[in-house]
Amino acid sequence: MTTIRPFTCEDMLKFNNVNLDPLTETYGLSFYTQYLAHWPEYFQVVESPSGEIMGYIMGKAEGHGENWHGHVTALTVGPEYRRLGLAATLMNILEDVSEKKKAYFVDLFVRVSNKVAINMYKNLGYIVYRTVLEYYSGDPDEDAYDMRKACSRDVNKKSVIPLTHPVRPEDVD
Amino acid sequence: MAVRPQHVHDGGIVERRLRPIYDWLDIGNNKKALQEAEKVLKKSPTLQAARALKALALFRLGKGLEAQVVLDALADEKPSDDTTLQAMTISYRESQQLHKVCMLYENAVKSEPANEELHSHLFMSYVRVGDYRSQQRAAMALYKFAPKNPYYFWAVMSIVLQAKTSEDNTKRGILLALAQRMVDNFISENKMEAEQEARLYIMILELQEKWEDILKFIESPLYSQLVPGSTAQASIPYLKKLGQWKRLNVVCKELLWDNQDRWDYYVPYFDSVFYLMKENEEDSDSSIDNTAEKCHEFICQLVESMSSGRTLRGPYLARLELWKRLAVDGDPTSLIGNGLALCVQYLRVFANKPCAVPDLRPYLGMIPQKEREEKCREFLTCLGFDENSEPESADDIQRHISCLAAWRLVAAPLSSTGALELAATLRGHYMRCLQKGLVTSNITEFCAADHYGILAAHHYFYAGVEQQSSAPIVEALCLLELVLHHSPANFHAKLLLVKLYHLLGNAVAADSIYQRLEVKHIQLVSLGWLHCARLAPACLASRALQLLADTRAFLKHHGKDSVEHLTYAYKYGTFEKLVELAGWAARLEGCGWGAAAARDQALLAQLAGPPALLHQPSRLPALPTDNRDLNVIVNYEPPQFQDDNLKARTFDQEVSYLRLKDALVSAIALCIELADSRPVEEKKGHYEQLNTCVEAFSTAMEKCRQLYAERERISISAPFPSRIIAFVNSPVPYRELYATMLRLVGELAINRTTAAHDACDAVARLLPKAQLQLQDEIAVKGDPVWSMRDRLESLSNYLEFIGIITFLLGVCNELFSPASAKKSKKKTNHSPDEIKTSELLNKLNNTVQTSIAFLENILDEWPKYEANIDEILAKLSLDDKYQSPVENKLKTGRDDMLNDVRNILKRKSKYLKSLLQ
Ligand SMILES: CC(C)(COP(=O)(O)OP(=O)(O)OC[C@H]1O[C@@H](n2cnc3c(N)ncnc32)[C@H](O)[C@@H]1OP(=O)(O)O)[C@@H](O)C(=O)NCCC(=O)NCCS
């Protein structure tokens, strides 16, 4: 049972039960507020009837010409609320917004080790477009998959023809 | 913040010359940037952009005065090129002179009135200072020669903000009508373009409470064109406002058919049904649900319609919600059946999901306590389990856990023996899962079986509290460390460990786990209560200072950033967020914990920091805001223990404590001001202020002693009882001690010698008694480890006093024999009064040193953590290489803490000795 609504600043005070998860990054405050100020429709939260935050998605639209696309910056669901279809719902919203913005595709980066998420994105129709080497810094650095799904505007599905060679982070715009 | 203007790519000679300066600034090497700027200026000394960048580098190097000179000269020249202006803007911004940016662009616009960019910068400069009227003017000017929608709506928004902040109702009305007319005109001219413009229009209508008009607008083709596919949902709040319950009913039902899991549709649906029920109108329209029966029927239809695919929680929870609402004034049993049975049914369907229990929580309280407790085992056994079942699959383990947790949430609380037995059983389950490979966690995900350990820890905690005994807590710690060892991602285990290590007064051990939570940024605020606030009372001053500094740095940084975010909101036309962001900035600015952190830091620095002047924090917020997340630790106590006032009450205590500390900090700051070398007559003002401050402190102490006499119950999820309770109820007379000591400084400063002598003498006589009172307060009664936390807190209060009295003795010394006089080495003849002052100060100094020696003795005798850890570990029957860290953490945590305190005391002693004349 879910309330879906735009993420608000005050949600940052109660997202701990979601953000303490090790795969979910807590960013600096201005990172969130910038997204809120710029792409509020891309920043949605799912809330339980008792007002607990169950998960949220944070995204943006960017790129020029045929590279105009929706991007998933963060997607996370609290451990207690997983396998309920919430992430799928949130991805749906982001795809809808991207459709309305006439994007060509939606993309995201995910750690190559994050099997659960990769599997989920595949089930949602995303493909691995390319590998980005050492995208995540850490010890050791980790590669990312750049995953994509075409929107209806990309009639010929040009945006989702996988690259055969991996790229470096500096080649990703 | 990047300094470089975004679109200066003319490739010109100037750009090329400036590039290295930007590069150095970008990477934070301001010294090199300065050098580079000087180099450029040698060739072209008048180049404005280079001078502006030089000023910025100077500012960042802390050379504010020099920078200001450069800036002022530049401002007089009224520059208008973008590069110069932007660099100057950043300098002004970083030195908090935002008003000057307005002037800068006002001049620039005058010299280049047709430059759109300059106008837009001028607008933003007004945004940063919150000058809404000027914003409006600038936006309209901009729109006049660049008729673009955003500019027009900037003007509209500026008018709305004037209205929102206007206290005069007539004026407010006029402004809102104006804003509305402006948008109306746009609508009639077919000029609306963006969703956010539509939202701003709704905001304007909302502020005028024109609900009908909003509804009309939402239902218009224009709205569906701007915000496709959201008309029905958007109309809900306004149908409610207008009391159009029938329409609301129809709209929600339609939405629910397609979205059976949407709580935000169920709530207004129920609202409509319950209003229509009250109206009790005979209605032939069968499509409207105006009775409980029809409502129930509708929910049943939703349940039935979910034939294929995922089972949604929505319709099931909706039935519980219906029950709950009907139960408010009646018994819905005949209609929908027994409430408890419904809850059990819910559990039966969803027990395999970890959300089952959190989902049920709000509804368990509606079952009468007696019935709940009598039939509690139905929750446990509804899927064929009992407390001894040994499920073998991950799914069944989750089911078992859900049943166990639901059972504990409704059952009567156990006696301590009962709790210990159950805890042992649950621990057994965890151990069994571990041995059978059913603990399937990895680095990033934890697993269901962990929850046996978590639930066990909760029961150990209950038993510990009940028996006032540390042994069960140590059992919980050992078990939780084991859980964490196998499930490093389990933050529930981490949170409990932090909490329980603190419960036993071991902040160092708690810190070892806290670091693994990777708390940062905003979490420093929302979770500050959990750990940072507990460090000082656990006598870990040095670590407390670090974390307090982090917290303050975060808040300070945000304070600077927050106006920038407002400019983004204009830039992207997100007007709704603009209001939200402004509210958020104000909320954080008034953060109660932030204010407390500033004062704690100032006071604690007197004790444990390097010698430095006291930093007077900015003024107390008038209404401090509560930004704590108190839901982060999950609680398994039954509903009757739910304390709905907890958040408000504990915050109230924190605010009282904050005010006490604020009075102390202010008084100390006044003492410092009084210690300068002005003639006595000029100090009278500060002297009076100090007396008022001390008076306020004394009164507040007394008032708080009456208010907070009761001991708070300890709960696993709530903050520990506020520090104010131990402080004001202490047998050590802190009120007299602080007040008299502060008065001493005041009297000395204005040469009221007799009064000063009296005060000095009084403190010296109070201290030896205070020592004994402290000794009594921290004497071991009962289990020494259980009471460790309380005793450390008492000790910390005394230590903080020692820190402050030592500091104030330094101030007295400065007053009595200023460092400047000492240096001149002139022999001065002392009057008998002066000789007496010196004697008395020396005596007090020696008394404080005796007190420190006394504390050192206490530390030498400080009890150890002597729990039977070996025995406990044997129960965990660990055969592999795992070595429980608990024993070592408790031991070294204690030793590290004691050493920290010893070092501090040593430093204080040394300093005091240096003051002796
Ligand atoms: C990845 C994550 C967002 C999934 O959230 P979720 O709400 O549980 O996902 P959904 O319930 O919507 O799952 C949709 C589908 O993905 C697949 N899926 C999701 N989690 C899965 C799991 N643990 N194992 C196997 N498949 C899984 C399933 O096919 C699922 O559909 P199904 O349940 O009908 O079989 C969540 O696990 C999470 O927050 N992880 C931590 C943060 C993270 O990794 N974010 C992604 C960064 S790019």
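Placing A:S152, B:S542 in order of accessible area, with the largest value first and a 1.4 Å probe, yields A:S152, B:S542. Dividing the summed -39500 (n - 2.57) terms of all DSSP H runs of n ≥ 4 by the residue count of chain A sets its mean residue ellipticity at 222 nm at -6500 deg cm²/dmol. Among the trypsin sites (Lys or Arg not before Pro) found in the stretch B:109-215, those both in a DSSP coil and sparsely packed, with 12 or fewer other Cβ atoms within 10 Å of their Cβ, are B:K148.
Treating the beta-carbon of each Lys and Arg as +1 and of each Asp and Glu as -1, no other charges, what is the dipole magnitude of the protein assembly as shown about its Cα centre, to the nearest 20 debye? Intermediate results must be reported in sequence, preceding the final value.
Details: 127 positive and 140 negative charges, 658 e Å.
Computed about the Cα centre, the dipole is about 3160 debye.
In square angstrom, rounded to the nearest 10, how much accessible surface does B:E580 have for a 1.4 Å probe? B:E580 has an accessible surface of roughly 50 Å² with all protein chains in place.
Tell me which GluC sites (Glu not before Pro) from the stretch B:642-723 have a DSSP coil assignment and no more than 10 other beta carbons within 10 Å of their own. Walk me through the intermediate numbers first.
Values: sites: B:E654, B:E673, B:E681, B:E682, B:E688, B:E695, B:E702, B:E710, B:E712; in loops: B:E710, B:E712.
The qualifying sites are B:E710.
Projecting the Cα atoms of B:M203, B:S469, B:A726 onto the charge dipole of the protein assembly as shown, computed from C-beta unit charges around the Cα centre, puts B:A726 farthest toward the positive end. Of all DSSP bridge pairs formed entirely within chain A, close to 85 percent run antiparallel. State the answer as a single residue: which of B:L347, B:S487, B:T440 lies farthest towards the positive end of the charge dipole of the protein assembly as shown, with beta carbon charges of +1 for Lys and Arg and -1 for Asp and Glu, about the Cα centre. Of B:L347, B:S487, B:T440, it is B:S487. A 1.4 Å probe run over the stretch A:1-154, with the rest of the protein chains in place, finds 37 Å² accessible per residue.
For the pair the stretch B:169-214 and the stretch B:82-137, the centres of their Cα atoms are 28 angstrom apart.
Please state the shape class of the protein assembly as shown: rounded when a/c is under 1.5, otherwise prolate if a/b exceeds b/c and oblate if not, all from the C-alpha gyration tensor. Note, shape of the protein assembly as shown comes out oblate. Burial of accessible area (probe 1.4 Å, heavy atoms of protein chains only) in the stretch B:603-638, relative to its chain alone, reaches at least 30 Å² for B:D629, B:V632. Reducing the stretch B:24-65 and the stretch A:20-54 to their Cα centroids gives an inter-centroid distance of 39 Å.
Once you sort the root eigenvalues of the Cα gyration tensor of chain B as a ≥ b ≥ c, which label holds: rounded (a/c under 1.5), prolate (a/b larger than b/c) or oblate (the other case)?
In terms of gyration-tensor shape, oblate.
Ordering B:D643, B:D76 by accessible surface, largest first, gives B:D76, B:D643; the 1.4 Å probe counts only protein heavy atoms, with every chain in place.
Which order do B:H486, A:H71, A:H165 take when ranked by solvent-accessible area (1.4 Å probe, heavy atoms of all protein chains), largest first?
Numbers: B:H486 55, A:H71 20, A:H165 135 Å².
If we order B:H486, A:H71, A:H165 from most to least accessible, we get A:H165, B:H486, A:H71.
Do any of B:K556/B:K889; B:K684/B:K836; A:K101/A:K157 go past 27 Å between their Cα atoms, and which? In this structure, B:K556/B:K889 exceed 27 Å between Cα atoms. Rounded to the nearest 20 debye, the dipole magnitude of the stretch B:1-113 is 400 debye, with +1 charges on Lys and Arg beta carbons, -1 on Asp and Glu beta carbons, and the Cα centre as origin. Computed in the context of the full set of protein chains, the accessible area of chain B at 1.4 Å probe radius has 51% of its extent on carbon or sulfur.
In chain B, the DSSP-assigned H stretches of four residues or longer account for a calculated mean residue ellipticity at 222 nm of -23000 deg cm²/dmol, using -39500 (n - 2.57) per stretch and the full residue count as denominator. For each pair in B:K240/B:K353; B:K246/B:K353; A:K102/B:K148; B:K54/B:K148; B:K494/B:K864; A:K149/B:K577, compute the distance between the two Cα atoms and list the pairs where it is over 32 Å. The pairs that break the limit, which is 32 Å between Cα atoms, are B:K240/B:K353; B:K246/B:K353; B:K54/B:K148. The mean number of Cβ atoms from other chains found within 10 Å of a Cβ in peptide B:571-582 is 4, as a whole number. Solvent-accessible area per residue in chain B equals 43 Å², computed with a 1.4 angstrom probe and all protein chains kept. Considering only B:I835, B:F801, B:L646, whose Cα is most displaced toward the positive end of the charge dipole of the protein assembly as shown, charges sitting on Cβ of Lys, Arg (+1) and Asp, Glu (-1)? Result: B:I835, furthest along the dipole toward the positive end. At a threshold of 30 Å², the residues of the stretch A:77-98 that become less accessible to a 1.4 Å probe in the full protein assembly than in their chain on its own are A:P79, A:E80, A:Y81, A:R82, A:R83, A:L84. The percentage of C-alpha pairs in the stretch B:179-229 whose separation is greater than 19 Å is 14%.
Rounded to whole Å, give me the distance from the Cα center of the stretch B:590-615 to that of the stretch B:628-648. For the stretch B:590-615 versus the stretch B:628-648, the Cα centre distance is 30 Å.
Under 14 Å from the Cα of B:K63, which aspartates and glutamates turn up, not counting those fewer than eight places away in the same chain? In chain and number order, the partners are B:E94. Simple spin-label estimate for B:R377 and B:A177 gives 7.4 nm between the two label positions (7 Å along the Cα-to-Cβ direction from each Cα). For the stretch A:3-171, a simple Cβ point-charge model (Lys and Arg +1, Asp and Glu -1, everything else neutral) yields a dipole of about 680 debye relative to the Cα centre.
Each chain gives up part of its surface: A and B jointly bury about 4300 Å² of accessible area, both sides summed, for a 1.4 Å probe.
Taking each residue in B:347-359, count the Cβ atoms of any other chain within 10 Å of its Cβ, then average. What number comes out? All intermediate terms of the calculation are to be shown ahead of the outcome.
Working: counts 0, 0, 0, 1, 0, 1, 5, 7, 12, 1, 1, 9, 6.
The mean count of partner-chain Cβ atoms within 10 Å per residue comes to 3.
Under a cut-off of 19 Å between alpha-carbon atoms, report the aspartates and glutamates in cross-link reach of B:K171, not counting same-chain residues fewer than 8 places apart. Straight-line reach from B:K171, under 19 Å: B:D131, B:E206, B:E209.
The values are calculated or read from the model by the stated rules, or taken from the named source; none is laboratory data. If you're wondering where the values come from, they're calculated on a predicted model, not measured in any experiment. Note: ideal-geometry Cβ built from the backbone for every residue, glycine included; neighbour counts use all protein chains shown. Heavy atoms of the whole protein, side chains included, go into the accessibility calculation; ligands, DNA and RNA do not. Shrake-Rupley method; radii C 1.70, N 1.55, O 1.52, S 1.80 Å.
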